[in-house]
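The structure appears below as structure tokens.
The values are calculated or read from the model by the stated rules, or taken from the named source; none is laboratory data. None of the values given here were measured: they were computed from a predicted structure. Glycine gets a Cβ as well: all are built from the backbone with ideal geometry, and neighbour counts include every protein chain shown. Heavy atoms of the whole protein, side chains included, go into the accessibility calculation; ligands, DNA and RNA do not. Shrake-Rupley method; radii C 1.70, N 1.55, O 1.52, S 1.80 Å.
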Amino acid sequence: MFTASEDSLLCRANNDEVDYMVSWAALVDKNSNTLNEVSSRLMEMKNPAIFMQLPFEHVETAMSRMQIIDVTAGDLIISQGDEANSFYLIESGQAEVIQQGIFDSVPSRVAVLGAGDHFGEEALIHGGARNATIRMLEDGRLLSLHKDDFTRLIGDELVKNISAEEALEDTKQEAAVFLDVRYEEEYYDTHLKGAKLISLPELRNRLDELDRATRYITCCNSTRRSSVACLLYTS
């Protein structure tokens, strides 16, 4: 037991995050010796959250395959309803997320993204069209990864699909909570007992409602929305 002898400021860090940051620094140092494009990107990105759950060899490969896109304020990066072919990581600048849900009469801003944030993964995972429009608010730079590379290096690593039977067994064996990511109307029509409702369009802005110490099993009518929710939560 430790007792402060005077007024003090105590800083506490999560072990996993500290381990990740130390590993990231080592990865940057390793690549800095070759002073190439990959090392430059690694140093500038400062450990974006989506890479935290990935093997570092996947991080290196993804960085080496990303294309640099210089953008200006007002540029439309993706439009809701378009076919998805790339994943994006913001290196610098800010962008707004504009979305029109199936029950909305007009589109509205649902989020603002900045350096280190990512977008475009939802449609790549569920195989459908873009579910939001992304427009730059400032001049900046994006890194773009083709959908095939994204699936192999990122998507398949972060999302694990299990059957309903396996999920129910998991909740019996350990403290796990079902996270229902469907719309409210779908949830109240039928849902798993004890499931927490946060619809997928709201999830990015409500992640702080989830306890990082709790294991969540995302669920929907198929694996599509729940797979996207899993990626948003783990990143």
Provide the net charge surrounding I98, with neighbours chosen by a C-beta distance below 14 Å and charges set as Lys +1, Arg +1, Asp -1, Glu -1. 0
Given the protein chains as shown and a 1.4 Å probe, how many square angstrom of T190 are accessible, to the nearest 10? 80
To the nearest 10 square angstrom, what accessible area does Y188 show with a 1.4 Å probe? 150
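Estimate the FRET efficiency between L137 and E6 by the formula 1/(1 + (r/R0)^6), using the beta-carbon distance for r and 41 Å for R0, to the nearest 0.05. Let's see the in-between values first.
On the way: r = 45 Å, r/R0 = 1.11.
Given R0 = 41 Å and the Cβ-Cβ separation, E is 0.35.
Nearest 0.05, what FRET efficiency do A175 and F56 give at R0 = 41 Å with Cβ-Cβ as r?
0.85
Averaging over every viewing direction, what projected area does the convex hull of the Cα atoms of region 67-138 cover, in nm²?
Details: hull surface 19.1 nm².
Its average projected convex-hull area is 4.8 nm².
Taking 0.36 nm per residue of sequence separation and subtracting the Cα-Cα distance, how much length would be gained by fully extending the chain between D156 and T223, in nm to one decimal? It would help to have the intermediate numbers written out before the result.
On the way: separation 67, 0.36 × 67 = 24.12 nm, distance 1.34 nm.
Computed gain between D156 and T223 is 22.8 nm.
Note the per residue figure in Å³ for the convex hull of the C-alpha positions in region 140-235.
Measuring per residue, one finds 130 Å³ for the Cα hull of region 140-235.
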Shape box of region 42-163 [Cα atoms, principal axes, largest first, Å]: 44, 42, 20
